[in-house]
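Chemist: The following block contains the structure, expressed as structure tokens.
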Amino acid sequence: MRVLVIGSGGREHALCRSLAADPQVTEVHCAPGNAGIAQVATLHPVTPTDPAAVSRLATELRADLVVVGPEAPLVAGVADAVREAGIPCFGPSREAARIEGSKAFAKDVMVAAGVPTARSRTCVTPEEASAALEEFGTPYVVKDDGLAAGKGVVVTDDRDEALRHAASCGRVVIEEFLDGPEVSLFALCDGSTAVPLQPAQDHKRAYDGDKGPNTGGMGAYTPLPWAPEDLAGRVMAETVIPTVTELARRGMPYTGVLFVGLALTAEGPKVIEFNARFGDPETQVVLDRLETPLAGLLLACANGTLDAFGPLSYRDGAAVTVVVAAENYPADPVRGDVVEGLSDIDGDAYVLHSGTAFDGDRIVASGGRVLSVVGTGPDVAAARAAAYEAVGHIRLRGSHHRTDIAGRGA
């Protein structure tokens, strides 16, 4: 198989790494990729949100499968263009990707499907926002209706801050706060059938103790020794299957991964949000544990044959990833600083690149989240220790990382 991956972050590096290790795969290509992905895939300078350019590249490469990583290309219709070119594509259509592209649309689908989630209001005026904040009370939860790279949500006790965020977004979804630990579950879908991957937990806030602004994610781990044993089965039955069924009923069958962000409340799992793609950095740890070869699994989703695919298998043990972020992330990250120390990492840890580029023969930071350092081990505590030991070798001026990733899990 020749596989083309679209994107340039840590999620795409994890996908390319797993695909390159699949004995069925003869070539891995990535557009546009990054300095780390270049070690396992051939890079192509194509704009990932340009449907015509992506489908043209896939045709020129004679790709057997295209895997779309980020949400923006999906919302732009890249998967539609690839499928129109006759090439199997793992990723939902533009219409189905609205499950992430519009929080209001996602809420409408959840209500129609009977999915357990927070009560909410969609607001476009200051008066509507003020009334919704009054209705649901503190902590206030205000979500930009559109794409915001994981940074469009404000959770605060400060009413003025909540109103300012609502005004800056224009159209927002304001909802009641869901209290409980958060969990990420990826469900692979082929339009009618769906199977879950191993649950993981992300750490969204920028600083230790879940302090600071929301980010795209500062670290993750799997498995979750404290989670209910029936969690995946319950979420599939109560959330994923009803959602996939409702989208199919609306004429937009869902092909790809449905990322379910959950709060484990006292009343059971409730949906915080849906995403139309693999999460970053959860993908980095989930794929590390997945033993089933990835290419055939994703192709079965793209071809609508997932029901005939065998049960998934996982490696024993655990994986933890710690994100090393550039100075001043997430506000206005500094780019161009040299990344050093990568060659000193070995043993039970490795590095996936999130925001890097080449400057001659040097690797430099090119984004806010620069690296995902993955540690593995027989349990969460050992994997966590391996990840942090590896982080200690990395030198990047002004960089920062959380020191408490997977602490509770360990």
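Chemist: Would you kindly work out the equivalent ellipsoid of segment 131-197 from its C-alpha gyration tensor and give its semi-axes, the square roots of five times the eigenvalues, largest first in whole Å? Show your work: numbers first, answer last.
Modeler: On the way: eigenvalues 163, 43, 22 Å².
Output for segment 131-197: semi-axes of 29, 15, 10 Å.
Chemist: Express the carbon and sulfur contribution to the solvent-accessible surface of segment 225-298 as a percent, rounded to the nearest whole number, probe 1.4 angstrom. Could the numbers behind the result be given before it?
Modeler: On the way: 1250 of 2360 Å².
That fraction is 53 percent.
Chemist: Turning to a different aspect of this structure: Quick one: accessible surface of PHE177, probe radius 1.4 Å, all protein chains present, in square angstrom to the nearest 10.
Modeler: 90 Å²
Chemist: For THR193, what accessible area in Å² do you get when you roll a 1.4 Å probe over the heavy atoms of the protein chains, rounding to the nearest 10?
Modeler: Number for this one is 40 Å².
Chemist: Check which residues have an amide H placed less than 5 Å from CYS89's amide H, if you skip close sequence neighbours.
Modeler: HN-HN under 5 Å from CYS89: VAL66.
Chemist: Moving on to the next point. So how much slack lies between ARG62 and ARG335, counting 0.36 nm per residue of separation and subtracting their Cα-Cα distance, in nm? Mind dumping the intermediate values first?
Modeler: Details: separation 273, 0.36 × 273 = 98.28 nm, distance 3.51 nm.
Computed gain between ARG62 and ARG335 is 94.8 nm.
Chemist: Placing +1 at every Lys and Arg Cβ and -1 at every Asp and Glu Cβ, with all other atoms neutral, what dipole size does segment 217-279 have around its Cα centre, in debye to the nearest 20?
Modeler: Details: 5 positive and 6 negative charges, 54 e Å.
Using only the charged Cβ atoms, the result is roughly 260 debye.
Chemist: While we're looking at this one, here's another question. On the protein heavy atoms, probe 1.4 angstrom, tell me the percent of accessible surface of segment 92-131 carried by carbon and sulfur. Please list the in-between numbers first.
Modeler: Working: 900 of 1740 Å².
After summing per-atom areas, the C and S share lands at 51 percent.
Chemist: Less than 13 Å Cβ to Cβ from ALA194, Lys/Arg counted +1 and Asp/Glu -1: what total charge do the surrounding residues give? Could the numbers behind the result be given before it?
Modeler: On the way: positive: none; negative: ASP190, GLU238, GLU246, ASP307.
Net local charge, ALA194 excluded: -4.
Chemist: If you count only protein heavy atoms with a 1.4 Å probe, what accessible area per residue comes out for the chain, rounded to a whole Å²?
Modeler: Values: 15880 Å² over 410 residues.
Value for the chain: 39 Å² per residue.
Chemist: If a/c stays under 1.5 just call it rounded; otherwise compare a/b with b/c (prolate if a/b is bigger, oblate if not). Do that for segment 185-287, with a ≥ b ≥ c from the square roots of the Cα gyration tensor eigenvalues.
Modeler: Working: a/c = 1.90, a/b = 1.60, b/c = 1.18.
The shape class here is prolate.
Chemist: If you don't mind, another one. Provide the net charge surrounding ARG289, with neighbours chosen by a C-beta distance below 15 Å and charges set as Lys +1, Arg +1, Asp -1, Glu -1. Walk me through the numbers on the way to the answer.
Modeler: Numbers: positive: ARG17, ARG315, ARG384; negative: GLU282, ASP288, GLU291, ASP316, ASP348, ASP379.
Surrounding charge for ARG289 is -3.
Chemist: Taking the full set of protein chains and a 1.4 angstrom probe, give the accessible area of ILE241 in square angstrom, rounded to the nearest 10.
Modeler: Using a 1.4 Å probe on the heavy atoms, I get roughly 70 Å².
The values are calculated or read from the model by the stated rules, or taken from the named source; none is laboratory data. Please read all numbers here as calculations on a predicted model, not as lab measurements. Note that each Cβ is placed from the backbone with ideal geometry, even for glycine, and that neighbours are counted across all protein chains shown. Calculation scope for accessible area: heavy atoms of the full protein, side chains included, ligands and nucleic acids excluded. Shrake-Rupley method; radii C 1.70, N 1.55, O 1.52, S 1.80 Å.
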